[in-house]
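See below for the structure under consideration.
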Amino acid sequence: MLKKELGMRSLKADYALGIYNATDDTLVYGAYIPATIQWQIDHANDPIHPANAEKSNFAIYFPNKFSIIAGELKIWIFSSVVLLLMLAFFIYSILTLLRERRLAEIKEDFINNLTHEFKTPIANIELASEALKKHRVAPGKQNQYFHIIHSENQRLNAQVDRVLQMGTIDKNELHLDLKIINIHELIHKLVENVGMRIHEKTGILNVELNAINPEILADEFHLTNSVYNVLDNAEKYSREHPEISVTTRNEKEGLWISIKDAGIGIKEDFQHYVFDKFFSVPSGDVHNVKGFGLGLNYVKTIIEAHRGKILFQSKLNHGSQFDISLPFR
């Protein structure tokens, strides 16, 4: 009867059949039936002679039942895998589109900022040149115009150098010319440059060089540009009267440079992106953003190339602080 029923249902599965004595649970009949439907049908009427058929327990065991069930479900498993792959592809496509949109926005902001940063000094140079060309000016005014032309030209050169520096890094052509340099002497030179602008705004620049050993092995050119970028940002993003402090201290294997300002600070929402390339903190109209968003990305790249690290903390309307760690070697 069992063979017939399984054959009628086309259940192609090996199984073991047993009949047990109801009193002591001993096997009185057993057989292993292979998964051949025709064999089951041909032997459907074979007699079974248990010792005590009136008081017996009947048992059937399918040793491969999990593989059978999996085989029955393979179409569903296949469909589920295909569905998951389609879902993963859809999510990947959405993330790619969002990333492309973000890159397009960054590119547009960069071009706008690039145009603005170049247009302003060019306009100032043009005005000063026109004034010198068309009008007779007093020697004092003449020197003032010459100073404007010279300073704006330096500003243009600095912007071009910044873009070229990042281009060099992008091509993996960064080579550090390592030599022993004195960080305190480097800071003094930078402070003279930035300090003039701060004093013109009646600001305050405090310098506390507390490092006992200020000499490290570094690339003077790139390290100078990196520290200058941080100082320049501190001055640019300060209020009407900047308050900036520069301090150094020694640690076990190197020294720290801390640059702190009491400027406008950065919203917490944007702090995660300050070291990203082309990122500039938005301030309403994009043209009000100063710079290309390359400075801090360049700084981080150079500091890490020196096996150092840069830490950052900021609070909106309370200022920002950058801590640069550099090893002695």
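The values are calculated or read from the model by the stated rules, or taken from the named source; none is laboratory data. These numbers come from a predicted model, not from an experiment. For neighbour counting, all protein chains shown are included, and Cβ atoms are generated from backbone atoms with ideal geometry for every residue, glycine included. Protein only, heavy atoms only, side chains kept; ligands, DNA and RNA dropped before computing areas. Shrake-Rupley method; radii C 1.70, N 1.55, O 1.52, S 1.80 Å.
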26 Å Cα-Cα reach of Lys107 towards lysines, excluding residues that sit fewer than 8 places from it in its own chain: Lys119, Lys171, Lys236, Lys267, Lys277, Lys290, Lys300
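How much length is gained on full extension from Ala131 to Ser151, taking 0.36 nm per residue of separation minus their Cα-Cα distance? The partial results should precede the final answer.
Details: separation 20, 0.36 × 20 = 7.20 nm, distance 1.64 nm.
Length gained between Ala131 and Ser151: 5.6 nm.
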Pair His175, Phe78: separation of 7 Å Cα→Cβ label points (nm): 6.0 nm
Derived scalar couplings ³J(HN,Hα) [segment 227-243; Karplus, 6.51 cos²θ - 1.76 cosθ + 1.60; whole Hz; x for Gly, Pro]: 5, 4, 4, 5, 5, 5, 5, 4, 6, 5, 9, 8, 7, 4, 10, x, 10
Reachable aspartates and glutamates, given that their alpha-carbon falls under 19 Å from the alpha-carbon of Lys179 and they are not under 8 places away in the same chain: Glu215, Asp219, Glu220, Glu253, Glu304
Pair Ala138, Leu2: separation of 7 Å Cα→Cβ label points (nm): 12.0 nm
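Within 10 Å, count the other beta carbons around each residue, average over each peptide in 305-316, 80-91, and list them highest first.
Values: 305-316: 16.0, 80-91: 10.1.
For the peptides 305-316, 80-91, the packing ranking is 305-316, 80-91.
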Separation of the Leu97 and Phe328 label points, Cα + 7 Å toward Cβ, nm: 5.7 nm
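Given a 1.4 Å probe and every protein chain left where it sits, what share in percent of the accessible area of segment 153-274 is carbon and sulfur?
It is 49 percent, rounded to a whole number.
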Exposure rank, largest accessible area first [His272, His188, His222; 1.4 Å]: His272, His188, His222
Residue-by-residue Karplus 3J(HN,Hα) for segment 97-112, coefficients 6.51, -1.76, 1.60, Hz, glycine and proline x: 5, 5, 5, 4, 5, 5, 5, 5, 5, 4, 4, 5, 4, 4, 5, 4
For peptides 103-111, 68-76, sequence by mean Cβ density within 10 Å, most packed first: 103-111, 68-76
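When the chain is fully extended, how far beyond the present Cα-Cα distance does Phe58 get from Glu253, taking 0.36 nm per residue of separation? Write down the numbers at each step before the final one.
Numbers: separation 195, 0.36 × 195 = 70.20 nm, distance 8.04 nm.
Gain on extension, Phe58 to Glu253, equals 62.2 nm.
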